[in-house]
Amino acid sequence: MSNSNHKIHDLLSLDGKVALITGAASGIGLTTAYIFAERGATVVLIDINESSGISAATQIEESGGKAKFFKCDVTSDQECKKIVEEIDNEFGKIDILFNNAGVINRKDIIDLEEKDWDFVLDVNLKGTYLLSHYVVPIMIKNNDGCIINSGSGWGLKGGPKAIAYCASKGGVVNLTRAMAIDLGKHGIRVNCVCPGDIDTPMLRREAHQLGISEEEYLKGSADRPISRVGTPQDVAYAVLFLASNLSTWVTGSTLVVDGGGIA
């Protein structure tokens, strides 16, 4: 391996880091947890799905990584506060926060009910706020930290029958910028990754919400300059870049990972 490759390998290392990942029991969150663990991080998996979360943490440890699962509803102030305190007590720090938990409801302004609006906004936007609210003071204490928020291509442009999702992800994008401005003086970087259509359980649930087959929906999702549906790895590697020392002067940015979908 050349010296430059050695250097890049070192810059991508997460050895000694503690990374908290929400929505980590499946999809992008789970894949990111595996990749972070491979790079040496201790990964703390957060999800509402306890059985899948425990299974994921066990698999990571059996593969030689370091992982622990905590069940948490990211819409609950009390649960978020309690979980972050437990993580801080056990590990003494949180170096990386990936606010990845998200939901979608494919309805327009006429059909979407208030309870559905509230749920999407609570998970996608309030959840990002709550975890950050409790994690940031720990990062400030250590004068270091990295936060990656999960936005969406539809946080940068509109999409059909997804008003709550588009509103929430647009909020996440601008929340990211505001956080970056406030927290830079504490050595904390805050960035946003904006995926396009990624083959995850959530994407397949969208097909059912719209009343079409998964096959048909995935075929339509591949209609972009790079003509395929994205994979969780496509996004997880972008998140790794933003979490690593390859991006030490990157903050307040939005990294679109969508195969050219909004180009």
(request) Return the sequence-ordered ³J(HN,Hα) values of region 30-44 in whole Hz as given by the Karplus equation 6.51 cos²θ - 1.76 cosθ + 1.60 applied to θ = phi - 60°, using x for Gly and Pro. (result) 5, 4, 4, 4, 4, 5, 4, 5, 4, 8, x, 6, 7, 9, 10
(message) From Cα pairs below 8 angstrom and at least 6 apart in sequence, can you work out the relative contact order of region 11-147, rounded to a whole percent?
(response) 25
(request) Using label points projected 7 Å from each Cα along Cα→Cβ, tell me how many nm separate residue 144 and residue 77, to one decimal. (result) 3.2
(request) Mind listing the long-range amide H neighbours of residue 69? Cut-off is under 5 Å, sequence gap 5 or more, other chains count too, H placed in the peptide plane at 1.01 Å from N. (result) 45
(request) Could you please report the charge total around residue 57, scoring K, R as +1 and D, E as -1 over all other residues with beta-carbon less than 14 angstrom from its beta-carbon? (result) -2
(message) Check which residues have an amide H placed less than 5 Å from residue 256's amide H, if you skip close sequence neighbours.
(response) 194
(message) Explain nothing, just compute: Karplus ³J(HN,Hα) = 6.51 cos²θ - 1.76 cosθ + 1.60, θ = phi - 60°, for every residue of region 54-64 in order, whole Hz, x for Gly and Pro.
(response) 5, 4, 5, 4, 5, 5, 5, 5, 5, 8, x
(request) May I ask you to list the aspartates and glutamates whose Cα is less than 17 Å away from that of residue 141, ignoring any residue fewer than eight positions away on the same chain? (result) 85, 86, 88, 90, 95, 182
(message) So if I restrict to the alpha-carbon atoms in region 61-170, what is the Rg, and what is Dmax, the biggest pairwise distance, in Å?
(response) 16.1, 50
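Which number comes out as Rg/Rh for the chain once both Rg and the Kirkwood Rh are worked out on C-alpha atoms?
A ratio of 0.96.
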(request) Let me have the relative contact order for the chain, percent, based on Cα pairs under 8 Å that are six or more residues apart. (result) 20
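None of the figures in this text is laboratory data; all of them are computed from the coordinates on show. Nothing here was measured: the structure is a model prediction, and the numbers come from that model. FYI the Cβ positions are ideal-geometry reconstructions off the backbone, even for glycines, and counts take in every protein chain you see.
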